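Worksheet for the structure shown next.
The values are calculated or read from the model by the stated rules, or taken from the named source; none is laboratory data. Worth saying up front: this structure is predicted, and the values here are computed from it rather than measured. No Cβ is skipped: glycine too gets one built from the backbone with ideal geometry, and neighbour counts run over all protein chains shown. Only protein heavy atoms, including side chains, enter the accessible area calculation; ligands, DNA and RNA are left aside. Shrake-Rupley method; radii C 1.70, N 1.55, O 1.52, S 1.80 Å.
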Amino acid sequence: MGSRLGRQLGEWYQGGAVAQSLADRIRMLILDGRITVGERVPSERALAAEIGRSRATVTKAYETLADGGYLARVHGSGTRVALPRRSAARVAAPTDDVIDLTIASVGSTPGLHAATVRALDRLAGLLGTPGYSLDGLADLRERIAARYTQRGLPTDPSQIIVTSGAMQALTLITAAFGERGRAAIVEQPTFPHAMEALRRVGMRLVPTPVTPEGWDITHMAGRIRETRPAIVYTIADLHNPTGATMPDLERAKLAATARSVGALVVVDETCVELDVDRGWTPRPFAAHGPAISVGSMSKLAWGGLRIGWIRADAPHVERLLAIRPSFDLGSALLEQCIATELLDDMEGLLAHTRTRLSAGRAAVRAGLAEHLPGVEMPPVPGGLAAWVDLGAPLSTNLSLAARERGLLLPPGPRFTATGVLDRFARIPITWETEVTTEAMVRLGAAWRDVRAGSTPRGGAYEELAVV
């Protein structure tokens, strides 16, 4: 069967010094995120036998990588993938006429104003109450629970906690179930602020790769068994940023593996309703095994509507409600009333989302073809963005050059736990067509700057918040 590294190498020898070619290929796999930081590589003898080269060749390649900081020899643990340390230079962003592609949000649904007006009457009926709502309004929890049931996961309203957005939901979950020093499995790439929430409670991030084509679920399960994490964080539907969806069989395998080591699966479902033309809809992850699910109105209705939720089993709900008062005493009642009204017109919300995302996807595809020739549009069946392969580790440079053109673009490393994937960039498909068209013009100009070698290399992605 061979090692994972051996399978990833492919046709690695392109002429010249053999050891250098092997080192270059392994370095590229590391920077692309296909071989993850902390992952153990085969012994020199084993890899030599697998690729049909001498042990001296592999030894030389490993030494070259270790000298560059890409491999680390750990006593008693073999040789593991690492990354060289580098400093990050902050570059001031332009202040006028900026297009901010760090934001991926479909904008407010057309029914938002009318729903707000109707919500005032609903709020009036609550004015005689104390106004605190630790688990959320009953009407809203009923509608959220009903939507899970419609999707194939029977849910009682008592399993729902309404939060002030999905990020607060993740913060509550990590505070309740995170364990300092324990591992947390995260996809690479993934949502940056989820990683920050895990780090904040002292967890050690263990990345596993995902691409627009999907997950290496065997590798992911292996990392879970190897590290025995406290938490497994996954975006199984219309993954942010790759757009991939995990099939039912893979969900079942992941759920079973996590359960076997006592790991808590946290499923980010903030993108679950952003389907354009996926053509199939898996059951919610928690239908396959124990999991805590996180949802949100912000991607579906409006980012300014700070309403999210947690779906969990009774013991988890009890623990989350016990710690919530140290964060807040409940979400704003008016916003909960608005969300309740909006969820009564789910078809209208979904239609608006499909129309906006379809138009945004077409504009990005056209912009890439016209302004970044040779850069192909990946499959984007829905979700927030196109995860674009630039063909070379130019993403950070492109982000720097884009700033000079009045365009904020988060590069690939911003979405990773280890600073790799510099050949990828996330381009939102959520903006209006006119904005996206102009953004692609500016991106094309920045691309030409980078290809001409006129942009200094830096680490500006570290200062970009991503939505």
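A few remarks follow.
- Of the solvent-accessible surface of the chain, computed with a 1.4 Å probe and all protein chains present, 53% belongs to carbon and sulfur.
- Part-to-part distance (alpha-carbon centres) for the stretch 295-344 and the stretch 364-383, which is given in Å: 35 Å
- In this structure, the amide hydrogen of Phe424, modeled 1.01 Å from its nitrogen in the peptide plane, lies closer than 5 angstrom to those of Leu390, Ser395, Gly412, counting only residues at least 5 positions away or on a different chain.
- Evaluated on the stretch 105-175, the Kirkwood hydrodynamic radius is 14.3 Å, with distances taken between all distinct Cα atoms.
- Based on Cα contacts under 8 Å between residues 6+ apart, the stretch 353-467 shows a relative contact order of 34 percent.
- Working note: 222 nm ellipticity from helices only, DSSP H runs with n ≥ 4, each -39,500 (n - 2.57), summed and divided by the residues of the chain, gives -12500 deg cm²/dmol to the nearest 500.
- Within-12-Å neighbourhood charge of Gly107 [Cβ basis; K, R +1; D, E -1]: +1
- Taking the square roots of five times each eigenvalue of the Cα gyration tensor of the stretch 296-342, the equivalent ellipsoid has semi-axes of 22, 13, 9 Å, listed largest first.
- With a simple spin-label model that places each label point 7 Å from the Cα along the Cα-to-Cβ direction, the separation between Arg225 and Leu134 comes to 4.2 nm.
- With respect to the chain, whose longest principal axis is taken over its alpha-carbon atoms, helix 138-150 is tilted by about 50°.
- Convex hull volume per residue for the chain, taking Cα atoms only, in Å³: 153 Å³
- Using Cβ point charges alone (K and R +1, D and E -1), the dipole size of the stretch 208-352 about the Cα centre works out to roughly 760 debye.
- Pairwise label distance in nanometres, Ala46 with Arg73, each label 7 Å out on the Cα-Cβ vector: 1.7 nm
- C-alpha center-to-center spacing [the stretch 249-293, the stretch 36-51] in angstrom: 32 Å
- Normalised contact order of the chain, rounded percent, pairs of Cα under 8 Å and 6 or more residues apart: 20 percent
- Calculated on the alpha-carbon coordinates, the convex hull of the stretch 185-307 measures out at 102 cubic angstrom per residue.
- The long axis of helix 333-343 is offset from the longest Cα principal axis of the chain by roughly 80 degrees.
- Charge-dipole axis of the chain as Lys and Arg at +1 and Asp and Glu at -1 on Cβ define it, positive-most pick from Leu394, Ala115, Ala425: Leu394
- Dipole magnitude of the stretch 316-467, debye to nearest 20 (Cβ charges: Lys/Arg +1, Asp/Glu -1, about Cα centre): 660 debye
- Amide H contacts of Arg204 (H built 1.01 Å from N, in plane; Pro and chain starts excluded): Gly181, Arg182, Ala183, Ala184 sit under 5 Å, all sequence-distant by 5 or more or on other chains.
- Of the chymotrypsin sites (Phe, Trp or Tyr not before Pro) in the stretch 253-304, the ones in a loop by DSSP (not H, G, I, E or B) with at most 12 other beta carbons within 10 Å are Trp280.
- Bridge type composition, the chain - antiparallel percent by DSSP, nearest 5: 55 percent
- The chain: angle of helix 346-371 to the longest principal axis, Cα-based, in degrees nearest 10: 30 degrees
- Dipole-positive endmost among Leu254, Ile231, Met167 within the stretch 166-273 (Cβ charges, Cα centre): Ile231
- Given charges at beta-carbon only (K, R positive; D, E negative), |dipole| of the chain in Debye: 1760 debye
- Probe 1.4 Å, accessible area per residue of the chain, Å²: 40 Å²
- Whole-Å distance, taken between Cα centres, linking the stretch 404-458 and the stretch 166-204: 27 Å
- Environment charge of Val58, counting only residues whose C-beta is closer than 9 Å and scoring Lys/Arg +1, Asp/Glu -1: +3
- Computed lengthening from Glu404 to Thr281, 0.36 nm per intervening residue step minus Cα-Cα distance: 40.1 nm
- Largest accessible area first, the residues Ser326, Ser108 order themselves as Ser326, Ser108 under a 1.4 Å probe with ligands, DNA and RNA left out.
- In sequence order, the stretch 60-74 has phi-based couplings of 5, 5, 5, 5, 4, 5, 5, 4, x, x, 8, 10, 9, 8, 10 Hz under the Karplus curve 6.51 cos²θ - 1.76 cosθ + 1.60, θ = phi - 60°, and Gly or Pro positions carry x.
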